[in-house]
1. What are the GluC sites (Glu not before Pro) within segment 141-230 that DSSP puts in a loop, where the Cβ has at most 11 other Cβ atoms within 10 Å?
2. Given a Förster distance of 41 Å, report the FRET efficiency between Lys25 and Thr155 from their Cβ-Cβ distance, rounded to the nearest 0.05.
3. How high is the relative contact order of the chain, in percent, with contacts defined as C-alpha pairs under 8 Å that are six or more residues apart?
4. Below 22 Å, Cα to Cα, which lysines can Lys202 reach? Residues fewer than 8 away in the same chain don't count.
5. Return the single residue from Val158, Val206, Val281 with maximal mean-square fluctuation; model: Gaussian network over the chain, springs between Cα atoms under 10 Å.
6. Have a look at Glu49, Glu95, Glu291 and tell me which one the Gaussian network model of the chain (Cα, springs below 10 Å) gives the largest fluctuation.
7. Go through segment 150-164 residue by residue and turn each phi into a ³J(HN,Hα) via Karplus (6.51, -1.76, 1.60, θ = phi - 60°); whole Hz please, and just put x for glycine and proline.
8. Have a look at the DSSP beta bridges in the chain and tell me what percent are antiparallel, nearest 5.
Amino acid sequence: MRSTRPRHQTTYSEELDAELNRLIKKYSVSRNSDLLLEMLCAAWKMDREYAPRLDMKIAARTLREIRFAFRLFAKHINRRKATIFGSARLRSDCEECRTAEKLGRLLAQHGWMVITGAGSGIMEAGHTGAGSENSIGLNIQLPWEQSVNPVIEGTERVMTFKYFFTRKLMFVKSSHAIIFFPGGFGTQDECFETLTLIQTGKSPIVPVVMVEGGAPYWTDWMKFVKSHLLDCGMISQEDVSLFRIVRDERQAYEEISNFYHNFHSARYVKQWLVVRMLRDVPDEVIQKWNEEFNDILINGKTGRIEKCDPFPHEQDDIPIEREDPLSKALPRIKMLFNRRDYGRLRMLIDQINKY
C-alpha cells in the first residue's frame, strides 16, 4: 500500500520511505524534518527519472549556493540591510559613485548593513562608505569584468555565485530596502525584476529608491515608463507608488527611514494580511482607512481593516531576517487583502507612517 503522506514527501518505495524516515528521526536536529524529507525525496526522484547529469549538477549547485547564502545571512539576522545596485563600470570619482559612498556611510551610521554585488563602481562605492564591517558582498562568477572589490575581499561576508537567479533571490529576500543607481543591462534587469516581485506579491513591500546622483538617469527612465507602460495601460497608476526617484543620498535615506517610521512588517496568517506597527493609531483613523482603501479589500465595502491581537502561530513563517524578538507585543491591524493591488497597499503603508 502506498504511503498516505503528501506526494512530495514520498519516494513511492515503502522500503526507501521507511529508511529515510528512520535516518531523519535519528539524525535531524530541527523541527523541519518534513521539509528535509521533501528535499531528499525530490533529489531521489530526479535521479530515478533519469535527469541528465547537467540538470542534476544545476540542482545540486543551486541548493549548495542557497545553503551557503543562508548561513552567511544568519550571522547578521539582527541588522537591517539595504541592497545597492548600480554599474560596475562607473569611475570612482564620478558624481554617482560619490553619492553611493555617502549613502553607504549614512546607512551604516544608522545601524544598517549594505549589500552589493561585490564588484567595482557603484558597488565598491557603497561598501567604501559603509565600511567593511557593515558590508555584505554577493559576487557573480564571470569569465571577465567582475571581481570582488578590495573593501570586502577576503572577509567572511562575501560569497561568489555561479547562477544569477540564486544571487538575485538573496538580494531581494535579505533586503529591508533596495536602492538603484544608474547602471546597464544588469541594473535594469534587477530593477524590473524587483518591481515585478513586489507588484505581484512574490516579495514583501520594501522601500525601492532610485538615486540620480548626477545626470537625470532615472528621470529619463521614468519618461519611458510613463509613455510606454503607464499610458499604454501595461501598468497602473498605483504601481508607480512602489518606487521613489530622489536626487541625493539624504533624500534616499529619508525615504527609507520614513517607510519604517511606524510600519514594522506585514505577513499573511491564513486568509488575513496582518500589518504590525510600532505605534497604535486611533480608531477614527482606521475608520478613515476603511473608507479610503475599501477597494483593496475582499468583499469591497463589507471588508474591514481592524485592530487585532497576535495570532497564536503568527511567528512561524516570518522570514528570520525581518523578525524582531519584540514583535509579538506590537500593535496590529488585519484585513482581507485582495492580493492584487500592491501599489495601493504601499499607499496604505504611507498612511500608516504618518502616525
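Each reported figure results from applying straightforward, stated rules to the coordinates on display, with no laboratory input. Predicted model, so just to flag it, every value in this text is computed and none were measured. All Cβ positions, even for glycine, are placed from backbone atoms using ideal geometry, and neighbour counts span all protein chains on display.
1. The qualifying sites are Glu145, Glu156.
2. Rounded to the nearest 0.05, the efficiency is 0.60.
3. Relative contact order comes out at 14 percent.
4. Lys81, Lys168, Lys173, Lys270, Lys334
5. Evaluated over the chain, the most mobile residue of the options is Val281.
6. Maximum fluctuation in the GNM of the chain, among the listed residues, is at Glu49.
7. Each residue's phi maps through the Karplus curve to give x, 5, 10, 4, x, 8, 7, 9, 9, 9, 10, 9, 8, 10, 5 Hz.
8. 40 percent
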